[in-house]
Amino acid sequence: MEPISTTVIVNLTDHPGIEPEVSWILPLDALDMSVEETIEQLQALTWLTGEEYPVMSSLQSRYGVHNWGSSSSFAEFVLSLSAGGLGSLGATAIDTAVRGGLRKLRDRARGDDWGNVISEEDALSVAKSRIASQYNVEAEELTVRRSQTDSVERSHEFEFTHADGRSFGAVVGIFKDSPTCTRIWRSGPGATL
């Protein structure tokens, strides 16, 4: 059975087991790929640096069925890549390749409705909430440093500062008429990106 909805998350970490520096989140409907093919596409991202061996990584997938009066199936893939020791050029190469890889997955989805641009206020609320849950900070302690709207991608990008000196960022678009965080990141003390 093909999953009705699929979520792909790619985390870039300094080392396995610590919070990601960057996370890309891609919700999809009816991905026109088998689970095995999706796993192969994600595993290809571990060879991005052109080295003899892939970067340290962990790929987890899960599949399930919801039954609430009618049935629907879902799949979730979480790939964590370690940027440890790659330096900023390696991290930039991974960033570029992950964006390209996720764009290919999005192009293979059927029936996705990425909707219109959402209000900046709604996008800001979603961004703060996602950053707070991912990085264990209080949403109220995030101060907007920069805000930008991309009308072509139909998204908002935010950069925040936090009282502890770290900086965070998020890109929020709309998927299925719902604001969705598609990328988040952190930098500053304790971060290397």
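Where a number appears in this text, it was derived from the coordinates with a stated rule and is not lab data. Everything numeric here is computed off the predicted structure, so don't read it as measured data. Backbone-built Cβ (ideal geometry, glycine too); neighbour counts: all protein chains shown.
Given their separation in residues at 0.36 nm each and the Cα-Cα distance between them, Ile18 and Thr149 gain 44.1 nm when the chain is fully extended. Protection proxy ranking for 133-143, 156-166, 58-68, using the average of other Cβ atoms within 10 Å per residue and placing the highest first: 156-166, 133-143, 58-68.
Peptides 73-80, 118-125, ordered by how many other C-beta atoms sit within 10 Å of their residues on average, highest first, read 73-80, 118-125. For Ile4, the residues whose amide H sits under 5 Å from its own are Ser73, Phe74, ignoring neighbours fewer than 5 places away on the same chain, with H placed 1.01 Å from N. Does a label point 7 Å from the Cα of Arg99, set along Cα-to-beta-carbon, have any residues of the stretch 21-39 with amide nitrogen under 15 Å, and which are they? Residues passing the 15 Å test: 22-25.
Using a cut-off of 13 Å between beta-carbons, work out the net charge of the residues near Asp14 (Lys and Arg +1, Asp and Glu -1, Asp14 not included). With Lys, Arg at +1 and Asp, Glu at -1, the net is -1.
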